[in-house]
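A quick write-up on the structure given underneath.
Rule-based calculations on the coordinates, nothing more; no lab input. No experiment lies behind these values; they were computed from the predicted model shown. As a convention, Cβ positions derive from the backbone with ideal geometry for all residues, glycine included, and neighbour counts pool all protein chains shown.
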Amino acid sequence: MVAEWRDPEALRDDHIDNAVIDVMLEGAEAGDALEYPWYLLPVGRVMKGYSWIKERAGSKGPVPEGMSAPSALRNREFSARQKAWAKRVKARAQEIERAQGYWPPYWELVRIARSVKQDS
C-alpha cells in the first residue's frame, strides 16, 4: 500500500478520480440525476435474475445482492461517466503540466473537472 503512494502516476490518477467524484457529488447535491437508457431496464432485470440464481448456487452474479436493477444501471452510468470525465481531466492537466512545468494542484483539478462537467 505504501508503494502505491510512492508512485507519482498512481497518486495523480487518484487525485483526478477524487476531483471528478467531488464534482459529481456536488452535482448530485444540486439535483443532477443519473439517468440510464430506459431500454436497458429489461436487460438489467434479466441480469438481476441471473445474479439471484448464481447467488443461490453459492457464486456471485453481475448485480450484487440487495441492489435493484435500476440501481445497478445507475451505478454503471456513474462509473462510465466518471471514467470519461477523468480521462478528459487528465488530458487537460497534462496540457497544464507541459505549459507551466508542474502538475496542477488538487483545487485546479476540481476546477478542471467542473469545466469538463459543463462541457458534457
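Under 5 Å from the amide H of Val63 lie the amide H atoms of Ser51, each residue being 5 or more positions distant or on a separate chain, with H modelled from the backbone and absent for Pro and chain starts. One entry in [x] 6.8; [y] 8.9; [z] 9.9 is mean projected area of the Cα convex hull in nm² calculated from the shown coordinates; its label is [z]. Compared with the alpha-carbon gap, the fully stretched path from Asn75 to Ser120 is longer by 14.4 nm at 0.36 nm per residue. Can you tell me the 0 to 90 degree angle between the C-alpha axis of helix 106-119 and the longest principal axis of the chain, rounded to 10? The angle comes out near 60 degrees.
With the charge dipole of the chain set up from +1 on Lys and Arg Cβ and -1 on Asp and Glu Cβ about the Cα centre, the Cα lying farthest toward the positive end among the listed residues Ala91, Trp52, Leu11 is that of Trp52. Computed from backbone phi with θ = phi - 60° and the Karplus coefficients 6.51, -1.76 and 1.60, the 3J(HN,Hα) list for the stretch 16-27 is 4, 4, 5, 4, 5, 5, 4, 5, 5, 5, 4, x Hz; x is used for glycine and proline. Taking Cα atoms only, the orientation of helix 41-56 departs from the longest principal axis of the chain by about 70 degrees. If you take the square roots of the eigenvalues of the alpha-carbon gyration tensor of the stretch 1-61 and sort them as a ≥ b ≥ c, do you get rounded (a/c under 1.5), prolate (a/b over b/c) or oblate? Oblate, since a/c reaches 1.5 and b/c is not below a/b.
In the chain, taking the dipole from charged Cβ atoms about the Cα centre, the farthest positive-side position among Leu73, Pro105, Leu25 is held by Leu73. Put a plus charge on the Cβ of each Lys and Arg, a minus charge on the Cβ of each Asp and Glu, and nothing anywhere else: the dipole of the chain about its Cα centre is then about 500 debye.
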